[in-house]
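Asker: My structure is below; once you've seen it, I'll send some questions.
Coordinate-derived values only; no laboratory data. Keep in mind the model is a prediction, meaning the values are calculated, not measured. Here Cβ is always computed from backbone atoms with ideal geometry, including for glycine, and neighbour counts include all displayed protein chains.
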Amino acid sequence: MELYLDTADVAAVKRLARILPLQGVTTNPSIVARAGVRLWELLPALQEALNGEGKLFAQVIAVSASEMVREAERLAQRIPGIVVKIPVTEEGLSAMKILKPSGIPLLGTAVYGAAQGLMAALAGADYVAPYVNRLDAQGGDGVATVRALQQLLTLHAPQSKVLAASFRTPQQALGCLLAGCQSITLPLDVAGQLLNTPAVTAAVDAFGREWQQAFGSQSL
Ligand code: E4P
């Protein structure tokens, strides 16, 4: 499977790259805007935080197919290997069809339905990103959508991967992995929830305390 962080926090990426088996970092315009950094400065900094290894994902801002194509080409030129995120609108689907022969890696984003995700895969998206928590928040079932999308891609577009996104809890992410999806991108707070479980900390503290009571500061 592939594990990504969904963030523009360079320091956090640097720290977590030492801990997690990260394949890279995903961003979107809101994440970049909230971080208050310029994309062209952020992307090289993220690359460095990943020690030059790992994929970066950045999204086009344009809404027309021709402008999306121009932005995608610009991103690919400046950051070789970048995966360009394109919203799966009518214009986005058209842009993906135009871009596919260029070999620029593509991700279809803002996916709220399995059929929409399948269309992106058929248009040439290497990854398709369903928004799990946003679906749950509007009364849908994010994990069920991921399961259906994964089945559709396996059957009809096996060259594309589901990259499940938009999580608020580790349970949502695990649900997607159990549903068969091969890649997930976690916001920092969800990655933190996965790593910092109070019961684990308490158990490890107890091991140390009881060892110290019996043997003092003696190490192995
Ligand atoms: C991924 O493609 C999306 O940009 C992102 O995961 C959306 O997450 P949010 O619902 O937390 O904004």
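Asker: Of the options ALA202, VAL111, PRO158, report the single residue whose Cα projects farthest towards the positive end of the charge dipole of the chain (beta-carbon charges: Lys, Arg +1; Asp, Glu -1).
Answerer: Selected residue: PRO158.
Asker: While we're on this one: How do TYR131, TYR112 line up, fewest other C-beta atoms within 10 Å first?
Answerer: Values: TYR131 21, TYR112 16.
Result, fewest neighbours first: TYR112, TYR131.
Asker: Tell me, Kirkwood radius of region 106-220 from alpha-carbon pair distances, in Å?
Answerer: 15.8
Asker: Compute the long axis of helix 65-78 from its Cα atoms, compare it with the longest principal axis of the Cα atoms of the chain, and write down the angle in degrees, 0 to 90, nearest 10.
Answerer: So the inclination is approximately 50 degrees.
Asker: Can you give me the angle between helix 114-123 and the longest principal axis of the chain, using Cα atoms only, in degrees from 0 to 90, rounded to the nearest 10?
Answerer: Taking the Cα atoms of the chain, the angle to 114-123 is about 60 degrees.
Asker: Next question, about the same structure. How big is region 2-193 along each principal axis, measuring the range of its Cα positions in Å and listing the largest first?
Answerer: Taking max minus min along each principal axis of the Cα atoms, region 2-193 gives 40, 37, 27 Å.
Asker: When the chain is fully extended, how far beyond the present Cα-Cα distance does ASN51 get from ALA202, taking 0.36 nm per residue of separation?
Answerer: 51.1 nm
Asker: For the chain, with the dipole built from +1 on Lys and Arg beta-carbon atoms and -1 on Asp and Glu ones, taken about the Cα centre, which of SER102, LEU188, VAL25 lies farthest toward the positive end?
Answerer: SER102
Asker: Once amide H atoms are placed 1.01 Å from N in the peptide plane, what residues at a sequence separation of 5 or more from LEU163, or on another chain, have their amide H within under 5 Å of its amide H?
Answerer: When sequence neighbours closer than 5 places are left aside, the close amide H contacts are VAL128, ALA129.
Asker: Quick one: Karplus J couplings for region 17-29, per residue in order, coefficients 6.51, -1.76, 1.60, θ = phi - 60°, nearest Hz, x for Gly and Pro?
Answerer: 5, 7, 9, 9, x, 6, 9, x, 9, 9, 9, 9, x
Asker: Please list, in chain and number order, the residues 5+ apart from THR7 or on another chain whose amide H is under 5 Å from its amide H, with Hs placed from the backbone.
Answerer: Result for THR7 returns THR26.
Asker: Using alpha carbons only, what's the Rg to Rh ratio of region 49-128 with Rh from Kirkwood?
Answerer: Reported Rg/Rh (Cα atoms, Kirkwood Rh): 0.97.
Asker: Kindly put LEU22, LEU177 in sequence by how many other C-beta atoms sit within 10 Å of each C-beta, fewest to most.
Answerer: LEU177, LEU22
Asker: Whole angstrom only: what separates the Cα centroid of region 98-155 from the Cα centroid of region 169-220?
Answerer: Their Cα centres are 30 Å away from one another.
Asker: Let me ask something else. With +1 assigned to the C-beta of every Lys and Arg and -1 to the C-beta of every Asp and Glu, and no other charges, what is the dipole magnitude of the chain about the Cα centre in debye, to the nearest 20?
Answerer: Values: 17 positive and 17 negative charges, 39 e Å.
With only Lys, Arg, Asp and Glu charged at Cβ, the dipole is about 180 debye.
Asker: Expressed in nm to one decimal, what extension gain is obtained for the pair ALA33 and LYS14 from 0.36 nm per residue of sequence separation less their Cα-Cα distance?
Answerer: So the chain would gain 4.8 nm between ALA33 and LYS14.
Asker: Hey, another quick one. THR169's amide H: which non-local residues (gap 5+, or another chain) put their own amide H closer than 5 Å, with H modeled 1.01 Å from N in plane and none for Pro or chain starts?
Answerer: none
Asker: Right, next: For LYS100, LYS55, what's the fewest-to-most ordering of other Cβ within 10 Å of each Cβ?
Answerer: Least crowded to most crowded, the residues run LYS100, LYS55.
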